[in-house]
Every structure is written in structure tokens, then in C-alpha cells.
Amino acid sequence: MDFKEVIQSRRSVRKFRAEEIEEEDLREILEAARLAPSANNLQPWKFVVVKSDKKKRLIAQAAGGQEFVGEAPVIIVACATGRGGFIGGYMESWPVDVAISITHLLLAAWDRGLGTCWVGDFDEDKVKEICEIPPEVRVVALIPVGYPVKVPQEVPRRPLEKIMSKDVFSD
Ligand SMILES: Cc1cc2nc3c(=O)[nH]c(=O)nc-3n(C[C@H](O)[C@H](O)[C@H](O)COP(=O)(O)O)c2cc1C
């Protein structure tokens with residue numbers, strides 16, 4: 001797929017084929033996450049790759065019972081490991097940094113025929129307990145990954161004119 005096609009065709013996938021993910025595919029998508037930009041190049045991320053059926057079931061429960069999360073062959077738990085960077089002098093950069101690297105991963109996955117869904121609705125303490133994540137590390141997202149059963153329908157976006165303005169901010 002060319003870059004534009006990857007961006008345009010990616011969808012959140014919530015139904016996965018019962019098929020293991022090729023190790024090479026998994027490595028490639030983590031490699032895409034590794035190469036993401038970050039404030040001061042701090043790279044404040046760590047990805048826990050969960051394949052254990054028991055842990056996947058527990059994680060799905062911790063995600064408010066979103067069952068599809070546990071049905072994926074792999075769940076990647078995206079964590080923030082570091083602090084220190086700031087944006088505009090006021091906003092901590094780690095959530096942004098980790099979000100960028102997750103986005104790299106999502107797009108690289110789609111390019112390789114893998115579906116993902118960014119899952120932000122979860123009980124952080126429970127996920128930390130299941131995956132033995134240290135207290136100072138934050139969980140940013142759960143990412144179920146697997147080969148899609150089918151490509152979901154497009155979800156609408158606001159038009160370009162509504163999301164940009166020229167020279168100054170305007171509604
Ligand atoms: C920060 C964030 C949190 C999200 N949390 C959830 C979630 O908990 N469960 C879910 O099914 N989808 C979740 N999504 C996926 C969005 O619903 C989805 O990206 C959006 O509806 C657009 O659809 P698309 O990804 O297919 O383009 C989340 C996405 C983001 C970026």
C-alpha cells in the first residue's frame with residue numbers, strides 16, 4: 001500500500017480471525033513504533049506484548065468488558081516510562097510521545113494487513129497488576145492486534161475547512 005492509501009483506508013478493527021500473528025509482522029509494527037519522533041528524543045515508551053489467553057481475558061475485563069480486546073491474538077499494552085519533556089513549557093510531552101509511537105504502530109499494522117483498535121477505556125491499576133507494570137509507569141493504551149475478519153465501514157470525519165483556518169484561529 002502506498003502511504004496515502006494506508007492513511008485513508010485504516011479502520012479500527014474489533015473482530016479478528018483466530019490466526020496467530022506472524023512474528024515478522026509483529027516485529028515490523030513494533031519497529032515502526034520504535035522509530036517515532038519524541039520530545040528531546042526521550043522515547044518514553046515500552047510495549048508489553050500479551051499473548052497469554054488468561055491475561056488477555058483479564059485485560060478485556062479491565063477494559064470495561066470490551067470482549068473483542070481479549071479475542072485478538074495479541075494485545076499490545078502501550079506504556080509511558082519516562083518524564084521530563086515539556087511542550088510549550090506547560091504540557092508534559094510523554095502522552096503525546098507515546099500517542100505518536102502508537103499511531104506509527106497502528107498504521108504499520110494496517111499496511112501489513114493487520115487490524116488494530118486503540119482502546120483507551122480501561123482500569124489502569126488492573127492492567128498494571130495483570131502485566132506487572134511498575135507504579136511509576138503509566139498505561140496509555142491497549143491495542144488488540146490481529147488479522148481482520150472484514151474491513152469495517154468508514155467512520156465520518158469533519159471536513160477540512162472545519163479543522164483549519166488561515167493565519168489566525170477562527171471557528
Ligand atoms: C484515545 C482513543 C481511545 C479510544 N478508545 C476506544 C475504546 O475504548 N474502545 C473502542 O472500541 N474504540 C476506542 N477508540 C477507537 C475510536 O472509537 C475510533 O478510532 C474512532 O471511532 C474512529 O474510527 P476509525 O479508527 O475506524 O477511523 C479509541 C480511539 C482513541 C484515539
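Observations on the structure shown:
- Treating r as the C-beta distance of Trp118 and Ser170 and R0 as 35 Å, the FRET efficiency rounds to 0.70.
- Those GluC sites (Glu not before Pro) in the stretch 97-171 that DSSP places in a loop and that have at most 11 other beta carbons within 10 Å: Glu132, Glu136, Glu154
- Charge dipole of the chain about the Cα centre (unit charges at C-beta), most positive-ward option of Ala141, Ser38, Cys131: Ala141
- Take the Cβ atoms of Ser52 and Phe3, set R0 to 25 Å, and the FRET efficiency comes out at 0.15.
- Mean separation of Cα pairs under 8 Å and 6 or more residues apart, divided by the residue count, gives the stretch 12-149 a relative contact order of 37 percent.
- With a cut-off of 15 Å between beta carbons, the residues surrounding Pro156 carry a summed charge of +3, where Lys and Arg count +1 and Asp and Glu -1.
- A crude spin-label estimate for the pair Ala99 and Arg11, with each label 7 Å from Cα along the Cβ direction, gives 2.5 nm.
- Two tests apply to each whole DSSP H helix in the chain, Cα reach of 20 Å or more along its axis and mean Kyte-Doolittle hydropathy of at least -0.5, and the ones passing both are 94-111.
- Solvent exposure, largest accessible area first (probe 1.4 Å, DNA, RNA and ligands not counted), of Asp167, Asp97: Asp167, Asp97
- Loop-exposed chymotrypsin sites (Phe, Trp or Tyr not before Pro) per DSSP, neighbour cap 10 Cβ within 10 angstrom, longest uninterrupted part of the chain: 1-89
- GluC sites (Glu not before Pro) lying in DSSP loop within the stretch 18-58, provided at most 15 other Cβ fall within 10 Å: Glu19, Glu20, Glu22
- Dipole magnitude for the stretch 12-149: computed about the Cα centre from +1 point charges on Lys and Arg Cβ and -1 point charges on Asp and Glu Cβ, it is near 160 debye.
- Each residue of the stretch 147-156 is assigned a 3J(HN,Hα), and the resulting list reads 6, x, 5, 8, 7, x, 4, 5, 9, x Hz, derived from the Karplus form 6.51 cos²θ - 1.76 cosθ + 1.60 (θ = phi - 60°), x at Gly and Pro.
- Per residue, the accessible area of the stretch 26-171 comes to 59 Å², computed with a 1.4 Å probe over protein heavy atoms only.
- Helix content alone sets the calculated 222 nm mean residue ellipticity of the chain: runs of n ≥ 4 DSSP H residues at -39500 (n - 2.57) each, divided across all residues, give -10500 deg cm²/dmol.
- Loop-resident trypsin sites (Lys or Arg not before Pro) (DSSP state other than H, G, I, E or B) in the stretch 1-90 with no more than 15 further Cβ atoms inside 10 Å of their Cβ: Lys15, Arg17, Lys51, Arg83.
- Spatial separation of Cα centroids for the stretch 64-105 and the stretch 117-171, in angstrom: 8
The values are calculated or read from the model by the stated rules, or taken from the named source; none is laboratory data. Please read these numbers as outputs of a predicted model, since none were measured by experiment. FYI the Cβ positions are ideal-geometry reconstructions off the backbone, even for glycines, and counts take in every protein chain you see. In case anyone asks, the SASA skips ligands and DNA or RNA and just uses the protein heavy atoms, side chains included. Shrake-Rupley method; radii C 1.70, N 1.55, O 1.52, S 1.80 Å.
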